[in-house]
Structure formats: structure tokens, C-alpha cells
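Note sheet for the following structure.
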Amino acid sequence: MTGGAGYIGSHTVVELSLAGFHPIILDDFSNSNRSVLDGIERILGTRPETMEVDCRSHKALSAAFQSITARHAISGVIHFAAYKAVGESTKHPLKYYTNNVGSTSELLQTMGEFEVANLVFSSSCTVYGQPDSIPVDEKAPIAMAESPYGYTKQVCERIIRDVHASNQPLNTALLRYFNPIGAHPSSHIGELPLGHPNNLIPFLTQATAGLRDPLTVFGDDYPTEDGTCIRDYIHVVDLAKAHVAALNWLASRSEACEAFNLGTGQGNSVLEVIHSFERVNGVEVPHRIGPRRDGDITAIFADPAKAGTAFDWSCEKSLDDALRDAWNWQRALQS
Ligand code: UFG
């Protein structure tokens, strides 16, 4: 699991282990913290096997694959490792192209050399841009990317499709995440944004904890019921379980290359999220309405039926569960 020490990666390590897999984390810890390994160990009772690897380095990837294949048959690779801040990507596009695209290309090459075919790729609903109709299914057109970050996801999907169409055996699930939120219910792992959080929930929890200025709601003049943007917020544990299901699905195929939406199928506005957070946790979220944020999409939520059927998977957790777990995680971080 490249980037296995990150937010979605760490929750997936837990679910894979519980499902009987032996996940191995490849991470350079440039955007994650080693304390995540302690959290995983607290949940599982064992420390996950971890290798410090920069996935842009073919040499480092080869050495890791060499060492792993000497001991295990690799049932698949889950490629999480990528930078993911939309705003930062507009300021430092090359950082995003080098890391996100470079690591995907090096990884595919290494997989070819070691004859590993099964790949689960972390993609994003950002590939759809502002969809013509919602809920959005996988047949919706790929839109012009709004940011270098979004473009790296499109390019990586394309690279994977091109390699799949070549002679290299590749069996892939492209997982298009909607908005992952929440934390493990144990509060031992969760989202650990380094520095100023860009996403709604980490900013909201930090503002509620008094660590940040009040949350700014980015615009209330959108053509939605309450004027704020609508997203599909999926509990990170449900998302992690989808990766286990995707690996199992790949095991039953040999030549797949398919995209899957991973969301709940429900849209919630920013104000609905704030009010639900207040109700579920019995706290007040300090917030104010501000101007729109550049590049924000008015409304998007998933049609997750394809993943539901293929993976025999569905979301088990509600928005309230995610908001409760997010707040418990924030409090655990401060205690
Ligand atoms: N929001 C605020 N205030 C904040 C932060 C966010 O009002 O301080 C709003 C945004 O305007 C948006 C919603 O909360 O309406 C969600 O914003 P996020 O930044 O949490 O998530 P986005 O939907 O903008 O972005 C996410 C991922 C990206 C991915 C994108 C695809 O973070 O990686 O979905 O649409 F590319």
C-alpha cells in the first residue's frame, strides 16, 4: 500500500488486516506522521509492516518489491501515495506532477517487472468536474480539470488505461472517492492534516475546538436549497472497506480496468453538515458566511450502484456517525 500511512491508507490497513490480508505500508512520511503506526497497532494489537519508500524512486520501489516478493506473493497494490491539496497544486504544479504522476508511472513499471497485475488506484470524483446531472455515475464525461491536482488524477487514470491496453498484464479498479470524512470509531486513527486544513471537516473540528478562527462557509448564494454547496460525505471506514472489496473483486478477474464511484449516494450541504455536527455532538460550531471559493462545484454526489453490485459493498455508516467520530478524534488528539 503506497501512502499507507495516510488518512485513507491507515483505515484501509486496519480493514485489510481484519479481513485476513497482510498489508505492507510503503510511505515516505512526507505528508503523514509515524504516530499513525502506533494508532494502527492499538487497534490491531500488532504493528503494521512498514517500509520507508519514496515512490518516485524506481530503485527504492524495486528494492521494496524485491524484499516483499522474497517472502510473500503480492495479491495486489493499492496506490494511495499522492499529494491532494487543490489550492497548493495551483501554486506548486510541478510538485504535483512529479509526485502524483511520477510515482504512478514508476509504480506501474515496477509492477510490470515483478509481474504484479492487481492494482487499486485512488482516484477522485474531481475527474467529473461540475457534472451535468446528479447523482453522477461512471459514464459521466470527464471534465476539463479545475486544478493541477485534479489533472494528475485524470492523467494517472489515463496512464493506467494505456498500460492496461498494452502488453503488460494489469488488472485495475480506479476508485473515485467522493468526500471521505470521519475517523476510526476507536479514535486511535483519523485525519492528521499537517498545517492549515483545507477540507471542511478538519477545519470545522479544529475551529470548534478553539484551535482556529471560526469556520468560513464558502458562499451561501449557490442555486441549492440553503445556498451552500452539496457534497457526498462518506465515512472513511466505509471507504476503507470498499478497498478490501475491490481487491477481492480483482482476484476474481484477470483483465479488468474499470472505474467505480465510492460515495453514499446522498448529498448534504455545508450548512446541513454544520447543523448535524452541532446536534450530534452537542457543541456549537463557530462559523460565518464568506465569499465563494474559486473552483468549487455547486453540487455533486455519487451513484454508487456499480461498486455496490460488483463489490457487494455498501455504506454502513451515516453522516451522524462520521461527524461523531470526527469530533471524538479531534478530542482524542488534544487529550
Ligand atoms: N468548505 C467551506 N469552508 C471550509 C472548507 C470547505 O465552506 O473551510 C466547503 C467547500 O466550499 C465545499 C465543501 O465544504 O462546498 C467541501 O469542501 P472540501 O474542501 O472538504 O472538499 P471538496 O469537495 O472541495 O474537495 C474534495 C477533495 C478533493 C477532491 C474534490 C473533488 O478534498 O481532493 O473533493 O470534488 F478533488
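The values are calculated or read from the model by the stated rules, or taken from the named source; none is laboratory data. Only a predicted model underlies this, so the values are computations on that prediction, with no experimental measurement involved. Cβ atoms come from the backbone with ideal geometry, glycine included; neighbour counts cover every protein chain shown. All accessible areas refer to the heavy atoms of the entire protein, side chains included, with ligands and DNA or RNA removed. Shrake-Rupley method; radii C 1.70, N 1.55, O 1.52, S 1.80 Å.
In region 103-110, the condition of being touching a strand residue (DSSP E or B) at 6+ places or on another chain (Cβ under 9 Å) and not polar (S, T, N, Q) is met by at least one residue. Which one is surrounded by the most Cβ atoms within 10 Å (Cβ to Cβ), of the residues in region 189-200 that are within 11 Å of the ligand (Cβ to nearest atom) and under 14 Å from the mean Cα position of the chain (by Cα)? Here the answer is 191.
Scanning region 1-59 for residues that are basic (Lys, Arg) and either open to solvent by less than 60 Å² (accessible area, probe 1.4 Å) or part of a helix (DSSP H, G or I) (or both) yields 42, 59. Note on region 105-135: residues that are of a type outside the set (A, V, I, L, M), under 19 Å from the mean Cα position of the chain (by Cα) and within 16 Å of the ligand (Cβ to nearest atom) amount to 8. Taken together, the residues in region 91-118 that are hydrophobic (A, V, I, L, M, F, W, C), part of a helix (DSSP H, G or I) and open to solvent by less than 50 Å² (accessible area, probe 1.4 Å) amount to 4. Taken over region 304-335, the criterion of being acidic (Asp, Glu) and either surrounded by 18 or more Cβ atoms within 10 Å (Cβ to Cβ) or part of a helix (DSSP H, G or I) (or both) is satisfied by 320, 321, 325.
Among the criteria (1) more than 27 Å from residue 39 (Cα to Cα); (2) modelled with pLDDT of 95 or more; (3) under 19 Å from the mean Cα position of the chain (by Cα), the one residue 62 does not fulfil is (3).
The residue that is farthest from residue 87 (Cα to Cα), counting only those in region 225-236 that are more than 10 Å from the ligand (Cβ to nearest atom) and surrounded by fewer than 23 Cβ atoms within 10 Å (Cβ to Cβ), is 225. Identify, please: which residue in region 119-142 is in a helix (DSSP H, G or I) and in contact with an Asp or Glu (Cβ under 8 Å, 6 or more places away or on another chain) and is, among those, farthest from residue 171 (Cα to Cα)? Out of the qualifying residues, it is 126. Among the criteria (1) open to solvent by 30 Å² or more (accessible area, probe 1.4 Å); (2) over 26 Å from residue 184 (Cβ atoms), the one residue 299 does not fulfil is (1). Scoring residue 294 on the criteria (1) open to solvent by 40 Å² or more (accessible area, probe 1.4 Å); (2) free of Cβ contacts under 8 Å to residues at least 40 places away in the same chain; (3) assigned to a helix (DSSP H, G or I) leaves a single failure, condition (3). Criterion applied to 216, 172, 208 was being of a type outside the set (Phe, Trp, Tyr), more than 10 Å from the ligand (Cβ to nearest atom), open to solvent by 10 Å² or more (accessible area, probe 1.4 Å) and at pLDDT 95 or above, and the one residue passing it is 208. Here residue 186 passes the criteria (1) within 30 Å of residue 76 (Cβ to Cβ); (2) within 14 Å of the ligand (Cβ to nearest atom) except the one numbered (2). Just one of (1) within 16 Å of the ligand (Cβ to nearest atom); (2) assigned to a loop (DSSP other than H, G, I, E, B) fails for residue 283. It is (1).
Conditions tested, residue by residue: (1) open to solvent by 40 Å² or more (accessible area, probe 1.4 Å); (2) closer than 30 Å to residue 331 by Cα; (3) within 12 Å of the ligand (Cβ to nearest atom); (4) under 18 Å from the mean Cα position of the chain (by Cα).
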| position | (1), (2), (3), (4) |
| --- | --- |
| 222 | no, no, yes, no |
| 242 | no, yes, no, yes |
| 252 | yes, no, no, no |
| 257 | no, no, no, no |
| 260 | no, no, no, yes |
| 274 | no, yes, yes, no |
| 287 | yes, yes, yes, no |
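Residue 219 meets the conditions (1) in contact with a Lys or Arg (Cβ under 6 Å, 6 or more places away or on another chain); (2) at negative phi in every case but one. The failed one is (2). Taking residues in region 8-37 that are within 23 Å of residue 124 (Cα to Cα) and at pLDDT below 95, and partners anywhere that are assigned to a helix (DSSP H, G or I) and not charged (D, E, K, R), the pairs with Cβ atoms closer than 9 Å and at least 6 places apart or on different chains are 30/99; 32/7; 32/9; 32/10. On the stretch given as region 60-90, residues that are within 14 Å of the ligand (Cβ to nearest atom) and open to solvent by 70 Å² or more (accessible area, probe 1.4 Å) total 3.
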